[in-house]
Each structure stands twice: as structure tokens, then as C-alpha cells.
Amino acid sequence: MTGESRSREGIGSGAGDDGGVGGAVGWSVVEAVVPELAGRVRERFGAYRHHVLATLRKDGAPRLTGLEAEFRHGELWLGMMVGSRKVSDLRRDARFALHANPGPGADLAGGDVRVSGRAVEVTDRALVARYAAAVRPPEPFHLFRAELTEVVRTSTEAPYVVVETWSPGRAPRTLRRRSDDAALQVE
């Protein structure tokens, strides 16, 4: 596939994933290595349609924009309108963070989640067409596949704030703390 860092067959074949031993991985690896965390993260993203994407502007400053994200065929897909600044940002510097819509109120039911990594533009016309047939986004559009370097979920379990994190090549970590704690409790 032109413009991709590794060869892929079809949508979300898993080909080329490093199995969680470092670098960046597709969503299917997250699901295989940390299935409980992946399930909670995916459920949180599924609660709302629109999320917040962070990219880097040309001068290095952050840019936050709205985005619809799609979990499909073992991948996390990011579709973007033609001519959008986020497309220019990602073509220049593929690093991103995607924060799930927190929803109304302050209770953060289901936790607060974000994923980070690199966005790889998909330029294979057949793959883009298969995605468009399944998702039916407004056309024309740009399609990026997320290669993840970090998955984070923050929630509360009274009296603690709980932070679950995972990165490829590392064991999952759970941090529990209270606002009056001097040190973190790491599991």
C-alpha cells in the first residue's frame, strides 16, 4: 500500500503487527494483549460519535480538532475531510493523541480514555473504497490508520483516581492515588 509503513492486506489483517514487543501497533494487538482495557476503551469511544484529536502544527504548537473514529476489522480508523488542517499536520508529523468525548456532566461514567501513536495515511484506493462502502463517510475524505504507542484510561474507585496504561513492549500498569497521597500506588 503506497504511503504506509508496512504492507497490509484488506482492512485490519494484522499483518506486520509486532505483537506488542515495542514500537507502535494496530488496535488488534491492543485487544489481544490487554483485552479488558481494550474493551473499556473501545466502549468509551463508542458512547459518543465525536472525539477530540490532537495533532502538531507546523510550528510545533498543538492543534485540537473534532474527529469521528471508527473501530473496524481490528483497526482504529481516522477519517478526515479533504483540505482539513489535521490532514496537513499528520502528513508532516504523524504523531497524534485521540481523546474520547467525555460526554455530559462530571461523573465520567466509563472513565476518561485516550490513545496516542502515529496516524498512517491509507492511499490504497481499493482499501479506501472498502472502508467507504462499510462506513459511508461524506466523500471525498482522507483515511488514516492508527498505530498506537499508548492506551490510557482514567476512572474513579472511591477514594482513588485509577489510571490504567499500556504501551507496546511493556506490561500494563494500574496507578491508584488520592489527592492527599504523597506517592503513587502502582500495581
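Throughout, read-outs are computed from the coordinates displayed, never taken from laboratory work. No experiment lies behind these values; they were computed from the predicted model shown. Neighbour counts are summed over all protein chains in view; Cβ atoms, including those assigned to glycine, are modelled from backbone coordinates with ideal geometry.
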Fill in: Total formal charge among the other residues, if their Cβ is under 10 angstrom from that of Arg85, Lys/Arg +1 and Asp/Glu -1
+3
Worksheet item: Can you list the HN-Hα couplings for the stretch 161-167, worked out from phi with the Karplus curve (6.51, -1.76, 1.60; θ = phi - 60°), rounded to whole Hz and with x for Gly and Pro?
Response: 9, 10, 10, 9, 9, 8, 9
Worksheet entry | Ranked packing of 112-125, 27-40, most packed first, by mean Cβ within 10 Å | 112-125, 27-40
Worksheet item: Using a simple spin-label model with points 7 Å from Cα along the Cα→Cβ vector, what separation in nm is obtained for Ala109 and Arg91?
Response: 4.2 nm
Fill in: Kirkwood Rh and Cα Rg combined as Rg over Rh, evaluated for the stretch 66-107
1.04
Discussion item. Regarding the stretch 17-85, what's the average projected area of the Cα-atom convex hull, expressed in nm²?
Written reply: 5.9 nm²
Discussion item. Need one word for the stretch 100-151: rounded, prolate or oblate. Basis is the Cα gyration tensor (sqrt eigenvalues a ≥ b ≥ c); a/c below 1.5 gives rounded, then a/b vs b/c decides.
Written reply: oblate
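Which whole-number percent of Cα pairs in the stretch 48-141 have a distance greater than 17 Å?
Working: 2319 of 4371 pairs.
It works out to 53 percent of all Cα pairs.
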Discussion item. Under a crude label model (7 Å from the Cα following the beta-carbon direction), how far is Arg178 from Ala126 in nanometres?
Written reply: 6.0 nm
Worksheet item: Beyond 16 Å, what share of the Cα-Cα pairs of the stretch 106-187 remains, rounded to the nearest whole percent?
Response: 66 percent
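I'd like to know how the stretch 21-180 sits against the 2.2 N^0.38 Å rule of thumb: what's its Cα Rg over that expected value?
So the stretch 21-180 has a normalised radius of gyration of 1.06.
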